[in-house]
Amino acid sequence: MKLKSLLVIAALAFCGYVNAETYYVVPGEFATGNDGKTWATAITIWDIYAHEATEKKPDAGTTENVKFYNDDVFFFAGGTYYPSPTPAGVAPRIYRGFVFVGGCDPTKGEISDPSWRPAYPSATPTIFSGDLDGNEIASPGDSRNLMHMRRGSTLNESTTADVGDVYTVVQAAKDGTLRPLRIHGFEFKCCYNEEEFPSSESSSDAAIWGAVDSQQGWIELYNCSIHDNYADKAAGLHIYGSLYRVEDCQFYNNMARQTGAAMRVNVNANTRYSRGVVERCAFYNNTLTDRYGAAIALTAGEMYLVNSTVSGNTSFCEGAGIVANGGAHADRKLHLINCTVAGNECTADPAELYKTDPETGAVTNPGSWVGSELRLANDPNCEIWNSIIVGKMDDGTVAYAPFVIKDEFKEASIKSLKLSFSIIGTMEGLLEGQKPSLDLDEMNYQNEANTWLAVFADAVLQDNGGNTMTVIPSKAYFDGLAASSIYWPPYVNDATNLATALTMAPLFATTGFAVPDLTVDQRKVARNTESEADYAPGAYDFYTASTGIEGISLSPALSTREGAIYNLQGVKVNGNYRGIVIRGDKKYVVK
């Protein structure tokens, strides 16, 4: 028992909860002045805003007026909150690394464990809404922003940085100056921003963009959904010179004019380099009316996209799924690991985008379907490992190039595109301009036969278990490839080596970021490591023999009086339901 207690304390210390205070938050339009220590004396979000506006950056113990500190935990009651109740308004600024936990039920009483998290999805969802006119869509007159975290531009300047470490935000995270704003189980929806995106972003308030915005800070989202937002760019999540982590989240129905309707990452200045992880997430039904990158736009910085699905997004031209593209002065590093980026579409008429040689009749890039999944431009470093990158726009027999490299690679000798263990469409017609260093090893299967129909058969993007949407590849197709010895999936030791290599990467080695879990798929189901031939590519492991259920309790029946019960699809069920159910953080088999 003593050992168990010590382990619990150690775990809480790692999360920063041992000395944390807990507070309770309910919907409301004004600050209350309450102490927030019980549901009966709960505060509103406006109490937090008022505190942050007054105290700004002082750390714990520096002034007697500081009440809320880094790592304090705020339990939010279910309900709808309006953090920016003025049309075109933005949420007040949060400076500190708080922990916001949504989906709480005040009728269950106070919460004694600061590390407690409600089941997802919660029976009492916490919604941050910009929908001031109540029409359930993003429209003029709605709020433009719902969460704004910004620590500032003078984080731990270079005098205290490690020698050779120019990433001051990262160093600030390492020495504790900067703590993450952690958000669990929230829904962010219906923001509308009709302003034109600034030609040069700055740290001024004018740079606040997206329903959720982090500037020169550190933000983490867990089990959240960001949907039905509109902006010129960066409608959903905007990362500006910040550290970020996004896990088990869904981004859908966001719309923008140019780049990053769901998520946009920018800035790699020496003192605030955007670096982060997006793990086990789904990006779908996001739309751009112009340009590229409907789901994700990596304009500058670094992203590890792991065990995630990007599908069903639409852009006018190339890179309907992801774009790594920006100014020539900026640096971009994109790592796609165990991902499915497939079925994204471009809407432009090819004649609007591509030129035909008047003498030969040859088309530079024949059709807007070229690069429908991924667009790389202006010197990116891109690594794609154990992923499926297949377009949906094909003629049924020939899979056109699912990604395209555009523009001149000014430093091609030091930039690279690496493909390993991946399934992709044909590479024909892929390149334009100066070629970068291409590392296309023999363990890929690049072929014009890799059409959407071949790779996925009749599968559609849907809830197949886990917390996000997935699309299941055709097992028969991959069994056929293996039988023909034309595709070599990553062996177990290769996966282990990659995980080991990640621990040495600057983001993980410098900040203590948790290395993404490569042993599971997007559903958090253990990947099949029994056989080298049965290690599946993409975000969904269709070879697994595991149910992904651990610690099952067998029960003859469950009473709903002890708490809401859900099936594996997240649908609330009654006590008569039979099968596998979830209540709280446990799974049960009910007979």
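The values are calculated or read from the model by the stated rules, or taken from the named source; none is laboratory data. As the structure is a prediction and not an experimental result, all values here were calculated from the model. Each accessible area value is taken on the protein alone, full model and side chains, heavy atoms only, with ligands, DNA and RNA left out. Shrake-Rupley method; radii C 1.70, N 1.55, O 1.52, S 1.80 Å.
Counting only DSSP beta bridges whose two residues both lie in region 228-318, roughly 5 percent are antiparallel. From the Cα gyration tensor of region 53-134, with a ≥ b ≥ c the square roots of its eigenvalues, which class applies: rounded if a/c is under 1.5, or else prolate if a/b is larger than b/c, or else oblate? Judged from the Cα gyration tensor, region 53-134 comes out oblate (a/c at least 1.5, b/c at or above a/b).
Pairs over the 32 Å Cα-Cα cut-off, from the set Lys56/Lys108; Lys233/Lys392; Lys233/Lys475; Lys37/Lys524: Lys56/Lys108; Lys233/Lys475; Lys37/Lys524. The residues of region 43-128 expose, per residue, 40 Å² of accessible area to a 1.4 Å probe. Cα centroids of region 444-520 and region 231-288: how far apart, whole angstrom? Each part reduced to its Cα centre gives a spacing of 22 Å.
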